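Encoded as structure tokens, the structure appears first; notes follow it.
Any read-out appearing in this document is the output of simple, stated calculations on the displayed coordinates, not a laboratory observation. Small disclaimer: the values here were computed from a predicted structure and weren't measured. Ideal geometry is used to build each Cβ from the backbone, glycine not excepted, and the neighbour counts take in all protein chains shown.
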Amino acid sequence: MFPDFLIIGAGAVGLATALELTRRGARVTLIERGRSGAESTWAGGGILSPLLPWQYGEAVNALSEYSRALFPDWCARQQVLSGLDAEYRASGMLVLPPFDQTQAFDWCGRHGWRCEIRPRADFLPSDTEEDALWLPDVAQTRNPRLAQVLRGAALAAGVRIVESAEVTAMQASDGRISRVDTTQGDFSAAAVIVTAGAWSGTLPGLEVLAKRVFPVRGQMLLFKLAPEVLRNIVLQNGAYLIPRLDGHILAGSTLEWAGFDKSVTASARRDLLALAAGILPALNERVLAQQWSGLRPGSPDNVPVIAACPGYANLFINSGHFRYGVTMAPGAAMLLADLIEGRATAIPAEPYQA
């Protein structure tokens, strides 16, 4: 019989892991220090791809491509369970110069991505003859809606979710985690999985993880225009615009090593406003609706840890997905579940070992 699990952290990765283990017959309790999906899952943009995958290493692309292939059916399944809509759609992404056309076409050709060179003016107001790179298959989801979908699906599947449960101690005996103490009581399970995002390395006894998983602040702006003023994601020099179906447009994002400080700054607001207006002039202070920040679970080279935790026979880690936790969530959940079950994995697991 598949054992029961205690999962620490209810972001996209934790919820996806709970759903996958439950689908395989496990009993799962999911504990969260705050509210489900309210940290980096809520704060992110929801582009379901590394921004420019040819700029990343094989470990990032292997997991993101595996997960990207799973995402449409996986998301649809969770939507049916929850009765909610995550606004998953292939909106496509326009990459504005500068970009390496040879490198892009080579990578896309080897990985089965459609790509073409198109005039910028086909997508955006422009008074130049500038060309852009069009990637029509890049998809997105609306992160706060996805978080609601995954929470609802997990509850419908029988996952027990306990919120406002901050871990205060992890009790170990004979090389196993025997009990997890929290502000909402004590929990025991046959196995424990850490999916606590940027906070994974702050858990009592797991401070060594702080070298592999650390907070990286990202600030975003939200604008409100009429629906379909912008229909596709736009990327330039690492900055992006993401349109939602109701006319909201996200602009992001900063990369800041600020510890666990989630405050927003005037300088980021100014810089993101300039970047957004440089791409789409209609984005200005008059249509600015909100500014926020989130703490990504940073990791060296964007490579997460998906593995058994050394020193404990029943402790596993699924954390450190950096900018791509939502993108990687279904694939990372599948990979970890296969490892726990001793099955052959769909992609090599070695790059993600602790």
- request: In nm, give the distance between the simple-model label positions of residue 4 and residue 262, each being 7 Å from the Cα along the Cα-to-Cβ direction.
  value: 3.0 nm
- request: Please sort by residue number the chymotrypsin sites (Phe, Trp or Tyr not before Pro) in the range 233-322 whose DSSP state is loop and whose Cβ has at most 15 other Cβ atoms within 10 Å.
  value: 257, 260
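What is the sum of charges, Lys and Arg at +1 and Asp and Glu at -1, for the other residues whose Cβ falls under 12 Å from the Cβ of residue 256? All intermediate terms of the calculation are to be shown ahead of the outcome.
Details: positive: 217, 262, 296; negative: 261, 271.
Net of charged neighbours comes to +1.
For the chain, give the share of DSSP beta bridges that are antiparallel, in percent and rounded to the nearest 5; count only bridges with both residues there. Mind dumping the intermediate values first?
Values: 45 of 62 bridges.
Antiparallel bridges make up about 75 percent of those DSSP assigns within the chain.
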message: What is the sum of charges, Lys and Arg at +1 and Asp and Glu at -1, for the other residues whose Cβ falls under 15 Å from the Cβ of residue 136?
response: +2
query: Are there trypsin sites (Lys or Arg not before Pro) in the range 219-300 that DSSP puts in a loop and that have at most 14 other Cβ atoms within 10 Å, and which ones?
result: 231
- line: The summed charge of the residue 119 Cβ neighbourhood (under 14 Å; Lys/Arg +1, Asp/Glu -1) stands at -4
Whole-angstrom gap from the range 170-212 to the range 78-154, using each part's C-alpha centre: 37 Å
task: Name the cysteines of the chain that stand alone by the Cβ rule: no other cysteine Cβ under 4.7 angstrom.
output: 75, 309
query: What is the percent of Cα-Cα separations in the range 140-242 that go past 21 Å?
result: 58 percent
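Extension gain residue 131-residue 210, at 0.36 nm per residue separation less the Cα-Cα distance, in nm? All intermediate terms of the calculation are to be shown ahead of the outcome.
Values: separation 79, 0.36 × 79 = 28.44 nm, distance 4.29 nm.
Extending this stretch completely gives an extra 24.2 nm.
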query: Hey, what angle do you get for helix 12-23 against the long axis of the chain, alpha-carbon based, 0 to 90 degrees rounded to 10?
result: 50 degrees
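If each residue's Cβ is checked for other Cβ atoms within 10 Å, how do 137, 246 rank with the fewest at the top?
Details: 137 16, 246 12.
Taking fewest neighbouring Cβ atoms as first place, the list is 246, 137.
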- request: Treat each spin label as a single point 7 Å out from the Cα along the C-beta direction, and report the residue 190 to residue 229 distance in nm.
  value: 5.5 nm
statement: Helix 266-279: inclination vs the chain longest Cα principal axis, degrees, rounded to 10, gives 50 degrees
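Would you work out the relative contact order for the range 45-199, in percent, from Cα pairs under 8 angstrom that are 6 or more residues apart? It would help to have the intermediate numbers written out before the result.
Values: 196 pairs, mean separation 37.1, N = 155.
Worked out over the range 45-199, it gives 24 percent.
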- line: For the chain, averaging the sequence separation of alpha carbon pairs under 8 Å that lie six or more residues apart and dividing by its residue count, the contact order in percent is 24 percent
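If you keep only loop residues by DSSP, which GluC sites (Glu not before Pro) in the range 104-161 have at most 15 other Cβ atoms within 10 Å of their Cβ? Don't jump to the answer; show the numbers that get you there.
Numbers: sites: 116, 129, 130; in loops: 129, 130.
Here the sparse-neighbourhood loop sites are 129, 130.
If the chain between residue 105 and residue 24 were fully stretched, how many nm would it gain, using 0.36 nm times the residue separation less the Cα-Cα distance?
Computed gain between residue 105 and residue 24 is 25.2 nm.
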task: Among [x] -0.55, -1.26, -1.39; [y] -0.48, -1.13, -1.28; [z] -0.55, -1.11, -1.23, find the value of log10 I(q)/I(0) by the Debye sum over Cα atoms at q = 0.09, 0.14, 0.15 Å⁻¹ that was calculated from the structure presented, and write down its label.
output: [y]
task: Rounding to the nearest 20 debye, state how big the charge dipole of the chain is about its Cα centre with +1 on each Lys and Arg Cβ and -1 on each Asp and Glu Cβ.
output: 680 debye
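Compute the Rg/Rh shape ratio of the range 194-319: radius of gyration over Kirkwood radius, all on alpha-carbon atoms. Could you put the intermediate results ahead of the total?
Working: Rg = 17.9 Å, Rh = 16.3 Å.
Here the Rg-to-Rh quotient is 1.10.
Rounded to the nearest 500, what is the chain's calculated 222 nm mean residue ellipticity when only DSSP H runs of at least 4 contribute -39500 (n - 2.57) each, over all residues?
Theoretical 222 nm ellipticity from helices: -9000 deg cm²/dmol.
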field: the chain: angle of helix 143-156 to the longest principal axis, Cα-based, in degrees nearest 10
entry: 30 degrees
